[in-house]
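Below you'll find the structure, written out as structure tokens, and then a few comments.
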Amino acid sequence: MEATHKPSVLIVGGGIGGMAAALSLSRLGLAVTVLEQASTLGEIGAGIQLAPNAFAALDALGVGERTRAKAVFTERLVMMDAVDATEVGTFVVDAAFRQRFSNPYAVIHRADIHGAILDAVRTSPLITFVTSSQVTDVVEDADGVTVVDAAGRSFRAEVLIGCDGVKSVIRERIVGDKVRVSGHVVYRAVVPAADMPADLRWNAPVVWAGPNCHLVHYPLRNGEQYNLVVTFHSREQEAWSVTDGSKEEVVSYFDGVHAQPRQLLHKPTSWKRWSTADRDPVANWSTKRMTLLGDSAHPMLQYLAQGACMALEDAVTLGEAVRACDFDMAAAFQLYQTSRIARTARVVLSAREMGRLYHAKGVERLVRNDLWRGRTPAQFYEALAWLYGWTAHTCLATTEKDAA
């Protein structure tokens, strides 16, 4: 019997999604070349949150234990009213939560989760890295895909996965839509535990929800550091960007916030400033030989803390689709996107709505607070089952899988 042909793969982008995709496909025996525009493989940013669906994906990729070793397991999720410092709601993520969703809720430094995946990737002889490679052109033909980078180098493979983020060059070729700049600015910083106010050293992701703004904090790296994120509606006309920030700008947006959370604004010694963007969901992000993954496929705002989680799910689902379609990559890309488009669109749209709830003011703020007060753990579980209940075993679209 003739062996199944296993096509060569180019992955554009070496972030969390790109590394996870490389790992997922190499575990099936595919040779993968990863092109990364940075000079080194790594992650910028600070902390991210890992819900149970992320751990389900990490376990399927074989890096769950590596990630758990670096993560901080939280006791609860908390929403506070930033105006009067009252508690709006607490969602306990205890043994009952872990039993319900078969996994914990944790927080981790971006560099640590990227490193855990990268360590596994580096053990594979099937994965090749090319750094300092900023892709500028992509051409698909009947036999494969060729990309050219800014240095004039050319790379070719039978198929390509675009994991190159919100400003994806690959998406521009496949979809050609515009980025939706939100007008929301996010400042991120990491603060040593010793500099964190004693009354805010909670083992929990905490959201201080305020009018047109909010603050988030949670511990990292065994509690040695705290991640701090502040978000506000900009007064300026924004364009998607990542730049150095200024304390003066941050402070100017939080006049109406209670002194307890506002003290956090004075703790970082440096800030990174993200002017955020997402895109409207689309019904197709694939061609015969190219597809998208992570932020390239479905960039989202940060309000559900699911960006990295969705990229990890994508990587696992793509691998499962390739397996189910016996390496027929055109069929696999269709099965993969059929399995992902509605779910990721729901997350994109839900994140936008959650941003509105976080930033409610006036009567809307009172309604928001009433929505969460008094909810039982079982009610929270039921509301989040669609999101946190994802597993690798059920990740493929049923109708497509049954027909295969």
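When restricted to Cα atoms, region 184-225 yields an Rg and a Dmax of 11.2, 32 Å, respectively. Taken along its three principal axes, the alpha carbon spread of region 78-230 comes to 60, 39, 34 Å, from the longest extent down to the shortest.
Based on protein heavy atoms only, region 167-275 ends up with 45 Å² per residue of surface accessible to a 1.4 Å probe. Taking the 0 to 90 degree range and rounding to the nearest ten, how far is the long axis of helix 363-372 tilted relative to the main principal axis of the chain, both from C-alpha atoms? For helix 363-372, the angle is close to 70 degrees.
Using C-alpha pairs under 8 Å with a sequence gap of at least 6, the mean separation divided by the residue count of the chain gives a relative contact order of 22 percent. Compute the helix-to-body angle for 377-388: its Cα long axis versus the longest principal axis of the chain, expressed 0 to 90° and rounded to tens. Helix 377-388 and the main axis of the chain meet at about 30 degrees.
Accessible surface area normalised per residue over region 337-380 is 52 Å², counting heavy atoms of protein chains with a 1.4 Å rolling probe.
Overall size of region 218-377 from C-alpha positions, given as principal axis extents largest first: 59, 39, 39 Å.
Backbone phi angles across region 186-202, fed through the Karplus curve with coefficients 6.51, -1.76 and 1.60 (θ = phi - 60°), yield HN-Hα couplings of 10, 10, 10, 8, 10, 10, x, 4, 5, 8, 7, x, 4, 7, 10, 7, 9 Hz in residue order; Gly and Pro are listed as x. For residue 46, the residues 5 or more places off, or on other chains, whose built amide H falls under 5 Å of its own are 110. If the Kirkwood radius is taken over C-alpha pairs of region 288-369, then at 37 °C and 0.692 mPa s the Stokes-Einstein diffusion coefficient equals 233 µm²/s. Over the chain, DSSP H runs of length four or greater, each weighted -39,500 (n - 2.57), average out per residue to a 222 nm ellipticity of -10500 deg cm²/dmol. Across the alpha-carbon atoms of region 45-90, the computed radius of gyration and Dmax are 14.7, 45 angstrom. Peptides 348-361, 298-311 ordered by packing proxy, namely the average of other Cβ atoms within 10 Å per residue, highest first: 298-311, 348-361. A DSSP coil position with no more than 15 other Cβ atoms inside 10 Å describes none of the chymotrypsin sites (Phe, Trp or Tyr not before Pro) in region 86-152.
The charge dipole of the chain, taken about its Cα centre with unit charges on the Cβ atoms of Lys, Arg (+1), Asp and Glu (-1) only, comes to about 480 debye.
For region 21-79 and region 109-178, what is the separation of their Cα centres, given in Å? Between the Cα centre of region 21-79 and that of region 109-178, the gap is 17 Å. The mean accessible area for residues of region 102-165, using a 1.4 Å probe and ignoring ligands and nucleic acids, is 40 Å² per residue. A protection proxy built from the mean count of other Cβ atoms within 10 Å ranks the segments 229-236, 248-255, 370-377, most packed first, as 229-236, 248-255, 370-377.
Computed over all pairs of different Cα atoms, the Kirkwood value for the hydrodynamic radius of region 188-296 is 16.0 Å.
For the chain, take the longest principal axis of its alpha carbons; what is the angle in degrees between that and the long axis of helix 110-122, to the nearest 10 within 0 to 90? Approximately 20 degrees, to the nearest ten.
For the chain, the percent of C-alpha pairs falling in each 20 Å distance bin, counted from 0 to the bin holding the largest distance, reads 27, 57, 15, 0. Considered as an equivalent ellipsoid built on the Cα gyration tensor, region 9-86 has semi-axes of 32, 17, 10 Å, the largest given first. May I ask you to give the percent of accessible area on the chain that is carbon plus sulfur, with a probe radius of 1.4 Å? Carbon and sulfur: 50 percent of the exposed surface of the chain. When the pairs 167/272; 6/70; 70/267; 70/178 are compared against a 30 Å limit on Cα-Cα distance, 6/70; 70/178 fall above it.
Here the Kirkwood formula, the inverse mean of 1/r across different C-alpha pairs, assigns region 1-160 a hydrodynamic radius of 18.0 Å.
Distances between placed amide hydrogens fall under 5 Å for residue 80 paired with 88, 207, 208, 209, all partners being 5 or more residues away or on another chain. Using Cβ point charges alone (K and R +1, D and E -1), the dipole size of region 16-77 about the Cα centre works out to roughly 100 debye. Counted by Cβ distance under 13 Å from residue 221, the other residues give a net charge of 0, where Lys and Arg count +1 and Asp and Glu count -1.
The values are calculated or read from the model by the stated rules, or taken from the named source; none is laboratory data. On a predicted model such as this, the values are computed, not experimentally measured, just so you know. With ideal geometry, Cβ positions are generated from the backbone for all residues, glycine too; neighbour counts draw on all protein chains shown. Just the protein is used for accessible areas: all its heavy atoms, side chains included, with ligands, DNA and RNA removed. Shrake-Rupley method; radii C 1.70, N 1.55, O 1.52, S 1.80 Å.
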